[in-house]
Each structure stands twice: as structure tokens, then as C-alpha cells.
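Trainee: Let me begin by handing over the structure; questions about it come next.
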Amino acid sequence: MFDLLTAFSRRRVPAGKSRRAAWLLAAGWAGWIVLALASAAEAPGPLPANRPVEQLTAGYVSSATCRSCHPGNYASWHASFHRTMTQPGAAPKFPESLDRLELTHDGRDYRVEHVGSAYQVRQRVHGGATTEYSAPQQIVLTTGSHHLQIFWLATGEGRTLVQFPFAYILAEKMWVPVIQTFMAPPEFKNIYTAGEWNAACINCHTTQGRGRFVSGNTFDSQAAEFGISCESCHAEGADHIAQNRNPLRRFALHLGDQRDPTIVNPARLKAQASTLACGQCHSIAAFKGMEEKIDLSQHGSKFRPGQTEMPQKFILQPTTDDHVAQKREILQRNPNYFSDRFWGDGMTRVTGREMNGVLASPCFKGGEFSCVSCHEMHPRAGDTAALAAWADGHQMTVSAESNTSCLQCHPKIAAILTAHTHHPAESAGSSCYNCHMPHTAFGLMGALRSHQVSSPSVRETLEYHRPNACNLCHLDKPLGWTAEKLTAWYGQPAPALSADDRELATGTRWLLQGDAGLRALTAWSMGWAPAQRASGRDWLYPYLFTSLDDPYAVVRFVSWKSLQSLPGLGDFKFTYTTEGAPLHSAVQAGYQNWWRTMRAPGATFPAGAGLLPDGHFQQDIFVRLLRARDQSPIFIVE
Amino acid sequence: MSASNRHLRFGWWSLFAYLSLGLGLEVLHGFKLGWYLDVGNEMRRLMFTLAHAHGTLLALVNLAAGLTLRFVKDLVLPRYASFSLIAAGVLLPLGFLLGGIQIYGGDPGVGIVLVPIGGFFLLYGVGATARAVTRAKAD
């Protein structure tokens, strides 16, 4: 080695050549250094002034920095809909039909134009002259991308946004008023006012969002990153990155048993902290006070994954005796606040707020049950198709697709499965989820499983008007039948039942008599394959056609989708947003077409379904139930 | 065995081994094996690719060294230089190969520690060979 180092000093090559080579080498190195410095010092372009912007705040580094060391986790996050919760400017994939779109809603015409790489919206009073279109408002942000895409317009007041009043339903390739994607009374025409994204949505649609109210209706909103990215669940990563630049530290962690204390991994936290990492957004929560609300708006959330409580908010459970003053104030402002979000016994009835249900579950009280018992954010399967299926399927673990998740803690049930369920082992009736986490929550235009693990009872239906798990499958059976089974199989006390409870099919009663929430869940279940197998299909047609005429747009949508699941109606066309006479005509035409061309001549109907042998409604039952319909306004906003 | 023959023999066998590895990698591509191709395993893919590339290139370097010894008149390659070129041809690709078998997200396995050692041998071997060639020419 010494020979090598001293070789060149002996000047065995001509001095001129050696000097030239040295200069070339030095120039090459200098070039590299200049290039590296130039790229490091590259100034970012000016920030857009008309919309919220990405600005890293103390300790946050963004997902782009995490990518190089965690490519697999980055890929699974990138495939998830958490990433696309908010996308700025031209980043999202816009529907093709957005260009030159013309729509009317609530007395106003909207026209979308494609200008350069941006879309802009003009509006006028419905039917006005072309010259009456307002100044254009640019579409600057998109939220959603799984089921729906929602678009946000610049208002010109700082970074304040206002919602474009139409949503795009991806599966249907259909533009509809945003309000008609929610469970909202028909008299409601709009949902969000200018500034609501900045004041509220930003908190859970971005990473470390700060609404930053300025004055009037002006916001100067910023976020560490648009969408829900790495640091939402793992906390800020600057220290983690600084410390792990040292390869010896990294390999000590790889090869040892010690956890890295510079970063949070929710999958390794105790149940309470792990659940709250998800529940910081997936919960019904309220601010502890106005001071905390202002603090969050100005400086962002003080909650960090790993903590067991949110410093500025609390999880709002209607049946617990905490935060009494705040709950009273909430009810004073909105008397329906609890009833729009919870069933009468405190079980959550809205989707996307699963932590409230998890907290109330007996499983959670065992201390180990959390979101990651069934869901995973970074699956092992890494190819594009597998990741897409995982993202679309509620980000479940592979084992959660069967009874395995539950049997982790209830192994004895596995040995006596059919004795416990009284259903064949491979049937839907032997699925833990179907009985203990039935579809009693509603949102995003569909039903979702309750995340409060519970056992079915007739009482929940009688007292709280919540569909019980048994009858969500056995829609053709009366409550009396269910009560008998639950008494015989599980020793539940026999409840006092009315004549209708004993005789009429629950599906019929819920669809005609129930409030809009119950009607939506029933119509959804009528399209659910296990329920169709258990209850039969022939009797569902007339009821689902009737339900197409429901005053709630979203009930009509669900009924239409369930009808499409029935034989012969796969391509049945229906515009669920239509109202008034055109709606009645469309429903009549659809029903008559089915009656004439598709009705099975030898169809038999369940005894309590309220249908005559020829398929006509038993008018006395039909009218009586319809008159007794629960007309309470239901407003479920996920 | 002469140094020239040693380098030629090592070079050809090494070339055979790492071209075979290249073929193996093509097979992994062909069958789209997630263990090699999934984005979460991109470090493994990088390591194996580097093992293939370095192994092949260093085989050629050894072949070049063998031929240089044969064709440059009066060339005397120091024993350590010859050893270093062969050691580099073993350690560098092997380090990448072992580093790719067990990976830790964006980090390779501990086998990667062989790479800087191999790199050191390579630098020394090439430097010493260059110097020897220069001296032979100058003399």
C-alpha cells in the first residue's frame, strides 16, 4: 500500500502529463461539487396564493423523505386512499367528463371549462343569459378518490375554499349534487359553506393541517403534507432521520431486539394508544374548549401517535359521564347531534368513526384489541394488483377475511363453531362478523359493519330501532321468529312482542316503517348476497322498486344498486337524483317493466312479506305500515 | 501456476458464475417473483443487480490483468496486487449478493460489509497494476 501511495511522487511519468491529469481530476471533482450544491440550493417555485399549501412545520419531513429507507411501506401507503384524501391542483386524475360539464342544482347553473392544466367553474342563476355567468373560480383541490371525488374552488379570499356542489361517483361515472351523496333530508340543498374545508376538513384530510383563520372568512391554511401520510401515524420524522443517518445505529437496530425510540409504530403500541393513532380521525370527537379549537387551527394538532389522549379533543361517547359541560353545549347548538351519529344505546351509526365502537366493545376491554387486530396499513403482498385489492377492501389483514381474527382470542369457539352458531360451518351464519359486527353503520352511500362488537338481540330492534344481525340476513322472518331462536339457542329472555312483530317480515316493516337510516340499511341488505340467499329474492323486487321513490336520495341510490344485484336487472338504468313527477314516472315504468317481462310466474313469497300470491302488495298492510313510517329527519354525515 | 494463468482462470470462471447469476435474475423477472420484484424488495433487487454487474465486470478486469501480464513486456505485478484483484473479484459481488439475501427495508443485510473491503482491494489492485504497467513501460 505504501508503495502505491508513494508511487506517483516518484514522477516516473513526465511532469507535464501528470499535472494535466491532476487538473482534469480536480476539475471533475469541482464540477460534481458545484452540481450537488446547485441541486441542494434549488429554490422552490412560488407557492400558489389561492389555496392551502404544503409547508413543513417543526419536525415534519414528508413522505418523500421516508421513501428511500422504507420503499415497501411507501408503496403500500401510496396505493392506499389515505394518500389521495387531498390532492392539490392538477395532481389528481380528473374525470374526463369534467371538461365542458354543465350542471344545474338548487336554482343555479354551473359550467366547467378546461383552461391550460386547470379547470375553472362559472355559475349563474338557472336559465340566465350566457353573459350572466360569474367570474371563473379555479378547482384547486380534490378530496376523496375511493368512492367519490369532491372538488374545491378558490374563493379569492386568501386560501379559503368553497365546495363545488357536485360530486363524481367513481363506480357509476356519475355527477350528482354533493348533498345527495349524504343521508340528508330532501329539503337540504347544500352541505358545506365557504371556509369549512379550511376550518374542519383540513384536520383529517391532510398531515398536520393548520386551518390558520385570519379574519372574516379568510384563512391562510397550510399542511405538512396533503393526504394522510407517514407522519400522521408515525409522528414527525426529523429526529428519526437524523439519528438513523448513522449506519451502525441502523444495523444495531436491525440485528437487535430493541425498538427504535425515535419513531412510533402504531402496530406495536398497546391497544389504547394504537387505536387512538387511527382514532384521532376515525372517531366522533369534540374540542375540549374554544381555546383548544383556536390552538389547533393556528398551530395544528398537539396529538402525536403513541399518546393515549388527545390534548385538544376528546372522544365523544354519548353514554359516558365525562365532559358533561361540553356535551351539554353541543346539544344546545344541535339537539340532533347524538341521534344523527349514534343509535339510542350509544352505538355509532355513521361510518368512518370506528373508534367509538371499538372503545365500547367488550373485546377492547381485554386490553389487546385494536384496529390492527383486523386491519393493516402495510401488507406484505407488494404487487400492484394485490395492493389495489387490499386498499379497496378496507385494508384488512389476510386473516381478517375469515374468522381467524376473532379466533385469536376465542380459540374455544373454533372447536364448537356450528354448535355456537347453529348454522353450517361454511355459511354466512357462521361468520363471526355477520353476527357480531353487522352492517348497522351508514356512510359513503352504503352500509358498513358496526365496529362495536356485540351480540344480536331483538331488544336492540325494539328499543333502538337498530336492525339486529339475525334479521339483516333473514329479512323475510318476523322479529318473533328471531326472538324464539335467540331464546332457544342463547337463553335470551323472551321480549314482549306486538302482532306485527310476530307476523310480518322485518324487511318489509323496516323498509316501509323505518326512519331513513333504517330504510337505507334495509335496502342495502336486500342487495347483500348472504341476505338474498337466506331470504330469497323474488319478494325483494316490488319492495326495492317502491323504495326507489323514497324521499331521501341516498335511499333511492342504495335501492337502485340492490335492484341491480337481482337477476334480470343488472343493467337497470335509473337516475336517483331525479325528484318529483319525473321520479314517480321512472319508478312506475321500471316496476311495470319488471311486472310484465321479468316477474317469475311461479314465484313464492314469504308468509309475512305482505305480498299476495300473484306478487301484488297486500294493500291494507302496505298502507298501514307506510302511514306509520318514522318521519324523523335523519342527517348522517360521515 | 503463473500469475497470468491464475487471473485468466479466475476471470473466466468468475465470468461464467456471474453471467449465470444474470440468467438467474432474468428467470426471477420472467416468473415475476415478488421476493425479487416487489417494490418493498427493491433493495434486494438492487443488491443482486449490483452483484451481477460487479461480478461480471471484475471477471473482465481479471481477464484483462491476465492478458496484460502476458502481453506487456517485462511486467512484474506485485504479489499483493494480484491477490487484491482476485480478492476484489470475490468480495465485492459476494458482498452485494449476501447483502441482498436478507434486507431491512432500505438497508441491505450485513453481508454488505464485504463490499467496502472488496472496494479497498480493488483500488489497491488496480492502482498497483497501473503503476507496474507504467514502470514496465518506463523501463
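Trainee: Can you find a residue in the stretch B:53-71 that is within 24 Å of A:C69 (Cβ to Cβ) and in a helix (DSSP H, G or I)?
Mentor: yes
Trainee: Answer with yes or no whether B:A136 is crowded, with 21+ Cβ neighbours inside 10 Å and in a helix (DSSP H, G or I).
Mentor: No: the conditions fail for B:A136.
Trainee: Further question: Taking B:S14 and the conditions (1) within 14 Å of chain A (Cβ to nearest Cβ); (2) open to solvent by less than 60 Å² (accessible area, probe 1.4 Å); (3) touching a residue at least 60 places away in the same chain (Cβ under 8 Å), which numbered condition does it fall short on, given that it satisfies the others?
Mentor: Of (1) within 14 Å of chain A (Cβ to nearest Cβ); (2) open to solvent by less than 60 Å² (accessible area, probe 1.4 Å); (3) touching a residue at least 60 places away in the same chain (Cβ under 8 Å), only one is false for B:S14: (1).
Trainee: How many residues are of a type in the set (D, E, K, R) and exposed (fewer than 13 other Cβ atoms within 10 Å of the Cβ) when one looks only at the stretch A:584-638?
Mentor: 4
Trainee: If you don't mind, another one. Taking the condition open to solvent by 30 Å² or more (accessible area, probe 1.4 Å) and either under 30 Å from A:Q631 (Cα atoms) or touching an Asp or Glu at 6+ places or on another chain (Cβ under 7 Å) (or both), does A:M174 pass?
Mentor: Judged against the criteria, A:M174 is a match.
Trainee: All but one of (1) out of contact with any His (no Cβ under 8 Å at 6 or more places or on another chain); (2) more than 14 Å from chain A (Cβ to nearest Cβ); (3) within 22 Å of A:T384 (Cα to Cα) hold for B:G24; which doesn't?
Mentor: (3)
Trainee: In the stretch B:97-117, what count of residues is obtained for those that are touching a Pro at 6+ places or on another chain (Cβ under 7 Å) and either in a helix (DSSP H, G or I) or more than 23 Å from A:T65 (Cα to Cα) (or both)?
Mentor: The qualifying residues number 2.
Trainee: Write out, first by first residue and then by second, each pair whose Cβ atoms fall under 7 Å of each other, whose residues are 6+ apart or on separate chains, and whose first residue, in the stretch B:99-127, is under 23 Å from B:I86 (Cα atoms) and within 10 Å of chain A (Cβ to nearest Cβ) while the second is assigned to a helix (DSSP H, G or I) and among the aromatic types (F, W, Y).
Mentor: Qualifying pairs under 7 Å: B:V110/A:F251.
Trainee: Okay, next question. With out of contact with any strand residue (DSSP E or B) (no Cβ under 9 Å at 6 or more places or on another chain), of a type in the set (S, T, N, Q) and at pLDDT 95 or above as the only criterion, which of A:Q312, A:Q307 stands out?
Mentor: Unique residue meeting the criteria: A:Q307.
Trainee: Just a yes or no: is a residue in the stretch A:417-427 open to solvent by 60 Å² or more (accessible area, probe 1.4 Å) and of a type in the set (G, A, S)?
Mentor: Within the stretch A:417-427 (the criterion being open to solvent by 60 Å² or more (accessible area, probe 1.4 Å) and of a type in the set (G, A, S)), the answer is yes, since at least one residue qualifies.
Trainee: With the requirement that a residue be over 30 Å from A:T104 (Cβ atoms) and polar (S, T, N, Q), what does the stretch A:564-612 give you?
Mentor: A:S565, A:T597, A:T604, listed by residue number.
Trainee: Name the residues in the stretch A:71-106 that are in contact (Cβ under 8 Å) with a residue 24 or more places away in the chain and over 22 Å from the mean Cα position of the chain (by Cα), would you?
Mentor: A:G72, A:G89, A:A90, A:S97, A:L98, A:L101, A:L103, A:H105, A:D106
Trainee: Return the residue satisfying two criteria in turn: it lies in the stretch A:372-405 and is acidic (D, E) and modelled with pLDDT under 90, and of such residues it is most open to solvent (accessible area, probe 1.4 Å).
Mentor: Taking the candidates together, the pick is A:E401.
Trainee: Sticking with this structure for a sec: Given (1) modelled with pLDDT under 95; (2) open to solvent by 60 Å² or more (accessible area, probe 1.4 Å); (3) farther than 19 Å from A:V453 by Cβ, identify the lone condition not met by A:G366.
Mentor: Here A:G366 meets the rest and fails (3).
Trainee: For B:I101, only one of the following conditions fails: (1) open to solvent by 20 Å² or more (accessible area, probe 1.4 Å); (2) touching a Lys or Arg at 6+ places or on another chain (Cβ under 8 Å); (3) at pLDDT below 95. What is its number?
Mentor: Unmet for B:I101, out of (1) open to solvent by 20 Å² or more (accessible area, probe 1.4 Å); (2) touching a Lys or Arg at 6+ places or on another chain (Cβ under 8 Å); (3) at pLDDT below 95: (3).
Trainee: Give the residues of the stretch A:359-394 that are away from chain B (no Cβ under 14 Å), more than 17 Å from A:N265 (Cα to Cα) and in a loop (DSSP other than H, G, I, E, B), sorted by residue number.
Mentor: A:S361, A:G366, A:G367, A:G393, A:H394
Trainee: Among the residues that make up the stretch B:38-47, is at least one of them more than 14 Å from every other protein chain (Cβ to nearest Cβ) and either touching a residue at least 40 places away in the same chain (Cβ under 8 Å) or open to solvent by 60 Å² or more (accessible area, probe 1.4 Å) (or both)?
Mentor: no
Trainee: Any residue at all in the stretch A:547-561 that's at pLDDT 95 or above, open to solvent by less than 60 Å² (accessible area, probe 1.4 Å) and touching a His at 6+ places or on another chain (Cβ under 7 Å)?
Mentor: Yes: the stretch A:547-561 contains one or more residues that are at pLDDT 95 or above, open to solvent by less than 60 Å² (accessible area, probe 1.4 Å) and touching a His at 6+ places or on another chain (Cβ under 7 Å).
Trainee: In the stretch A:217-230, is there at least one residue being over 23 Å from A:H282 (Cα atoms) and at pLDDT below 95?
Mentor: yes
Trainee: Look through the stretch A:236-286, keep the residues that are touching a His at 6+ places or on another chain (Cβ under 8 Å) and not in a helix (DSSP H, G or I), and return whichever of them is surrounded by the most Cβ atoms within 10 Å (Cβ to Cβ).
Mentor: A:V264
Trainee: So which residues in the stretch A:62-83 are in contact with a strand residue (DSSP E or B) (Cβ under 9 Å, 6 or more places away or on another chain) and facing chain B (nearest Cβ under 8 Å), if there are any at all?
Mentor: A:C69, the sole residue that qualifies.
Trainee: Can you find a residue in the stretch B:59-79 that is within 14 Å of chain A (Cβ to nearest Cβ) and modelled with pLDDT of 95 or more?
Mentor: Scanning the stretch B:59-79 turns up no residue that is within 14 Å of chain A (Cβ to nearest Cβ) and modelled with pLDDT of 95 or more.
Trainee: Can you list the helices (runs of 4 or more DSSP H) lying wholly within the stretch A:431-496 that have 2 or more residues being among the polar types (S, T, N, Q), under 19 Å from the mean Cα position of the chain (by Cα) and under 30 Å from A:T404 (Cβ atoms)?
Mentor: Per the criteria, no element qualifies.
Trainee: Moving to a separate point now. Could you run through the stretch A:337-355 and say how many residues are buried (at least 22 other Cβ atoms within 10 Å of the Cβ), among the charged types (D, E, K, R) and over 19 Å from A:N468 (Cβ atoms)?
Mentor: Summing the residues that are buried (at least 22 other Cβ atoms within 10 Å of the Cβ), among the charged types (D, E, K, R) and over 19 Å from A:N468 (Cβ atoms) in the stretch A:337-355 gives 2.
Trainee: Further, regarding this structure: Which condition does A:A581 not pass, out of (1) of a type in the set (G, A, S); (2) crowded, with 19+ Cβ neighbours inside 10 Å; (3) in a helix (DSSP H, G or I), if it passes all the others?
Mentor: Here A:A581 meets the rest and fails (2).
Trainee: For the stretch A:533-580, which residues satisfy the criterion of being of a type in the set (D, E, K, R) and either within 27 Å of A:S427 (Cβ to Cβ) or touching a residue at least 12 places away in the same chain (Cβ under 8 Å) (or both)?
Mentor: If the condition is that a residue be of a type in the set (D, E, K, R) and either within 27 Å of A:S427 (Cβ to Cβ) or touching a residue at least 12 places away in the same chain (Cβ under 8 Å) (or both), then A:R533, A:R537, A:D538, A:D549, A:D550, A:R556, A:K561, A:E579 are the ones that fit.
The values are calculated or read from the model by the stated rules, or taken from the named source; none is laboratory data. All values derive from a computational prediction rather than experimental measurement. Glycine gets a Cβ as well: all are built from the backbone with ideal geometry, and neighbour counts include every protein chain shown. Heavy atoms of the whole protein, side chains included, go into the accessibility calculation; ligands, DNA and RNA do not. Shrake-Rupley method; radii C 1.70, N 1.55, O 1.52, S 1.80 Å.
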